[in-house]
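To keep things clear, I will list the structure first and then write my remarks on it.
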Amino acid sequence: MKRITTITTILICFAVLAFLASCSSGGGGPMIRGKLQHNYGLSIDNTDVVITIDSTSIRADKRGYFYYRTESGAHTVTAAYADVARGMSLLYMGHVMVSDNELLDLTLYLRDSGTADAWDMYRKGQYGAAMGEFLTLDSGPSRIDALNGLGWTAWKMVRDYDAAYGYFHEAVKDIRAVEARIGLCGIELDRVNVEGNAAFGRAYQNMCLALNEPDGFTTLPRHDAVKEGDMLALKALLGYISGNEYEAQYILDNYSDKLTNETNAHGRDLIKVLEKFMGK
């Protein structure tokens, strides 16, 4: 029995050494620690995503993580995934800069490639053109993101609650469309002055559903700069307003990194308001 235990220990040591070697191939220098993520609620096999850093192709593990030892300087990173049967085509393109011996954490947010032109129009403020483009996609492979885009566009154009709600609700009806959940939260908050506690409750519920998604989220670079830290700041403030000071304090104590590094200007303002209310 002791011999078996000894052999097992040796094998484990070899396995650990092999893993460390695979993470450190090429000796010293900077390393990219990457993570795949997408916001559209349909599960994908992360090992099928084709990741390219400069001209080198690599693969992530089942959880979507990968490690890549590289040289200091600028690097081009792309990731692509396609599933013809389900009509999914996701893409990430970006550039990173790493310095000597840096460990760079990089999240690759895969976006629906079919809606790229529509979101480009949206970012330029061409909401009428964006609406028309999204409408041509709302029954095809890019349907979920098109509905998400229609919701954001309807709200930006004329603050049309009914239209935006209809598009967002359709997007989240069958799958976890995180960005549409964030949109629902925003438009419900705008209804609080009309419907009071009912709208407040719906906003809070959608915010919690968005935050319950694994691995975090951001609406960037595709559109509006809403990050996970912004939603946490909002949750803390709404919790405090509702009388749950414990939850507000818990978020401040346990999510300080996200509240500092993953918030836009509005999110930072929410934290300032909360801290003023709490006498900090």
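What follows is calculated from the coordinates using simple rules that are stated; it is not laboratory data. Treat the numbers as computed from the prediction; the structure is a model and nothing was measured. With ideal geometry, Cβ positions are generated from the backbone for all residues, glycine too; neighbour counts draw on all protein chains shown.
Remarks
- Restricting attention to region 66-95, the residues being among the aromatic types (Phe, Trp, Tyr) and under 20 Å from residue 220 (Cα atoms) number 2.
- Residues being farther than 30 Å from residue 134 by Cβ, surrounded by fewer than 22 Cβ atoms within 10 Å (Cβ to Cβ) and in contact with a Lys or Arg (Cβ under 8 Å, 6 or more places away or on another chain) are represented in region 227-250 by at least one member.
- Filter result (exposed (fewer than 12 other Cβ atoms within 10 Å of the Cβ) and more than 23 Å from residue 227 (Cβ to Cβ)) within region 74-112: 74, 84, 85, 86, 99, 100, 101
- Subset of region 199-238 (residues that are aliphatic (A, V, I, L, M), in a loop (DSSP other than H, G, I, E, B) and within 19 Å of residue 161 (Cβ to Cβ)): 226
- Segments classed as helices (runs of 4 or more DSSP H), wholly inside region 95-170, with at least 1 members that are among the acidic types (Asp, Glu) and in contact (Cβ under 8 Å) with a residue 60 or more places away in the chain: 143-158
- Looking only at region 137-153, residues that are more than 16 Å from residue 117 (Cβ to Cβ) and among the small types (Gly, Ala, Ser) come to 2 in all.
- Residue selected from region 198-217 under the condition without any contact (Cβ under 8 Å) to a residue 12 or more places away in the chain and within 19 Å of residue 248 (Cα to Cα), by the criterion nearest to the chain's Cα centre (by Cα): 212
- Residues that are more than 15 Å from residue 150 (Cα to Cα) and among the aliphatic types (A, V, I, L, M) were ranked within region 170-197; the one that is nearest to the chain's Cα centre (by Cα) is 175.
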